Each structure stands twice: as structure tokens, then as C-alpha cells.
Amino acid sequence: MTAPGDVELEAAGAALARWAGLSLAAGLKGTLRQAVVAAAHELGLPPSALIEAVVASDAGALEVLTEHAVVGETSFWRHAEGLLALAARLAARNGPVRVWCAGCASGEEPYSLVVALLEAGRGVGADRILATDLSLRALACAQAGVFRARALRRLPRELAGRWFQAADGGAKVDARVAAPVTFQRHNLLDPPPPGPFDAVVCRNVLIYFEPEVAAGVLARLAGALAPGGLLLLGPVELPLASGLGLEFVEQGGATVLVRS
């Protein structure tokens with residue numbers, strides 16, 4: 001198959017941005033080119049025909065391209081200080097807390113959050129985590145709950161031993177960690193799932209959006225919070241939230257945003 005040229009890639013990138021908000025046409029052009037070639041191969045099309053289909057808003061072609069374009073690099077306990085700060089602030093709340101983990105990829109983030117909540121003293125099954133992503137393939141991996149050792153490389157050994165079981169050369173999430181988490185497909189360009197939520201976690205997702213798209217997504221994330229609700233973003237994404245009217249609270253080396 002002939003690799004697509006820059007003009008074709010720009011058209012594919014624009015279609016992908018309209019569909020899912022992803023902006024891969026500039027700094028991630030190589031990723032976009034690989035995604036186009038892989039999606040075309042899966043559908044048995046030349047890359048040019050695949051691009052024609054996505055530009056014409058063909059849902060099937062856009063679905064396949066999105067699956068190959070999403071950046072799924074993640075791991076357990078990534079930026080753990082943020083998870084620990086969020087869990088500490090939620091630990092003292094009465095009754096179940098509801099958390100929306102947006103852009104959850106293959107599940108490492110919501111499962112890490114459950115571990116942090118359990119370690120902070122929340123009871124097993126006390127809380128509810130809604131984890132959403134656009135990729136059906138990533139959600140299938142998340143629901144299976146089986147991960148290679150590399151995904152757990154940042155997780156302290158004692159936590160891995162307490163909350164995971166050896167499986168297939170890797171580890172399987174313990175049932176106590178898996179039980180509170182519900183996985184659901186969701187496009188961040190769409191309205192949020194029914195809330196309100198006590199906390200929303202969306203980390204290292206907005207960096208793949210154009211600024212105006214990221215601003216709209218952030219407004220929806222903040223709007224999904226209950227009064228006093230907490231928003232946790234990736235460290236590099238915090239400046240994007242400066243105009244939302246949320247309080248920036250420093251805790252344990254991390255910043256948590258609080259809705260008044």
C-alpha cells in the first residue's frame with residue numbers, strides 16, 4: 001500500500017478532529033500516517049480510499065481509523081501523587097462517592113484510583129467509578145482486567161501483591177478492585193454521562209485536542225461535577241483550566257481543582 005501524502009493526511013486529520021476531537025495532523029503526523037495505513041489494511045482498502053471515506057464522514061471508516069489513532073500509552077500508578085491527593089480528599093466523605101474517569105484507555109487509570117481509595121480507607125465496594133473511552137478495543141482490554149508486567153512497573157510491589165493476582169505472565173485485577181468500576185463507551189465531544197459526580201478524572205487526554213476543543217471538553221467535565229466536586233487533570237493540562245472558575249488546591253505535590 002502506498003503511504004498517504006501530507007495533503008491526504010491533513011484531510012484525514014481534519015476528519016478525525018471533527019469525529020473525536022483528536023488532533024494528530026501536526027506534531028503526531030507519523031502516528032496519524034501509521035493509523036491510516038493500519039486502518040486501510042484492516043478494511044482491505046488503499047489508504048487513499050480510506051481517507052476518502054473518512055472525509056465523507058463514513059462512520060465505519062472513522063471508527064476503524066479512531067481505533068488505530070488513539071494514543072493508548074498508560075500504566076498503573078502514573079502521576080501517583082494526583083491519585084493519592086484525590087483519594088485523600090474523597091476518603092472522609094460519607095456514603096458512596098461517584099467518580100467519572102474520562103478517557104480511561106485500557107483501564108489502568110480507574111483501577112489505580114480504586115486501589116488509591118482502598119488504601120485511603122474506603123470500604124471495598126463503597127464507591128462507584130464510571131470509566132469511559134472512545135475505543136471499544138481499549139474498553140475490552142480494560143474489562144478483561146489482565147495486564148502485562150510492564151503496565152505495573154510504577155506500582156509499588158506491596159500494592160501489586162495486595163490487589164493483583166498472577167495471570168498469563170502478567171497480573172489480573174483483584175475482584176475487589178474490579179467490582180466498583182463500570183466501563184462505557186463515550187465520546188468526549190458529546191454531553192457527559194448522567195451526573196453529578198463527586199470527582200472527575202481526565203488526565204493526559206486533552207493534550208491531544210486543539211485548544212478550542214479542549215476548552216469545550218473541560219467545560220463539560222467541570223459541569224459534570226457536584227458542588228464541592230473535584231477535577232483531576234494531568235500536570236501539563238492544568239493551565240487549560242484557568243478560566244473555569246475552579247479553585248486550585250495543592251495537596252501532596254499535586255493540584256486538585258475544586259468546584260465551589
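The values are calculated or read from the model by the stated rules, or taken from the named source; none is laboratory data. What you see is a predicted model, and the numbers here were worked out from it, not measured in a lab. Every residue, glycine as well, gets a Cβ built from its backbone with ideal geometry; the counts of neighbours run over all protein chains shown. Surface accessibility is based on the protein's heavy atoms, side chains included, excluding ligands, DNA and RNA. Shrake-Rupley method; radii C 1.70, N 1.55, O 1.52, S 1.80 Å.
Structural remarks
- Scanning segment 204-254 for residues that are open to solvent by 20 Å² or more (accessible area, probe 1.4 Å), touching a helix residue (DSSP H, G or I) at 6+ places or on another chain (Cβ under 9 Å) and at pLDDT 95 or above turns up L246, F248, V249, E250.
- Sole residue being in contact (Cβ under 8 Å) with a residue 12 or more places away in the chain, farther than 25 Å from N187 by Cα and assigned to a helix (DSSP H, G or I), chosen from L50, L139, L118: L118
- Elements of type strands (runs of 3 or more DSSP E) contained in segment 158-260, each with 3 or more residues being within 25 Å of L134 (Cβ to Cβ) and of a type in the set (A, V, I, L, M): 197-202, 225-233
Results for (1) touching a Leu at 6+ places or on another chain (Cβ under 8 Å); (2) under 20 Å from A87 (Cα atoms); (3) open to solvent by less than 80 Å² (accessible area, probe 1.4 Å), shown as yes or no for each residue.
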position: L134; (1), (2), (3): yes, no, yes
position: Q143; (1), (2), (3): no, no, no
position: R153; (1), (2), (3): no, no, no
position: L159; (1), (2), (3): no, yes, yes
position: Q165; (1), (2), (3): no, no, no
position: R176; (1), (2), (3): yes, yes, no
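- For the residues L86, L50, L90, the requirement of being more than 21 Å from P193 (Cβ to Cβ) and open to solvent by less than 30 Å² (accessible area, probe 1.4 Å) singles out L50.
- Residue tally, condition modelled with pLDDT under 80, under 24 Å from the mean Cα position of the chain (by Cα) and charged (D, E, K, R), over segment 1-51: 1
- Residues that are in contact with a helix residue (DSSP H, G or I) (Cβ under 8 Å, 6 or more places away or on another chain), in a helix (DSSP H, G or I) and among the charged types (D, E, K, R), drawn from segment 64-90: E67
- Scope segment 98-109; condition farther than 19 Å from Y208 by Cβ and surrounded by 23 or more Cβ atoms within 10 Å (Cβ to Cβ); matching residues: V99
- Of the criteria (1) under 16 Å from the mean Cα position of the chain (by Cα); (2) modelled with pLDDT of 90 or more, which one L86 fails: (1)
- Any pair with Cβ under 9 angstrom, 6 or more apart, that starts in segment 192-218 at a residue that is on the phi > 0 side of the Ramachandran plot and ends at one that is assigned to a strand (DSSP E or B): N204/L233
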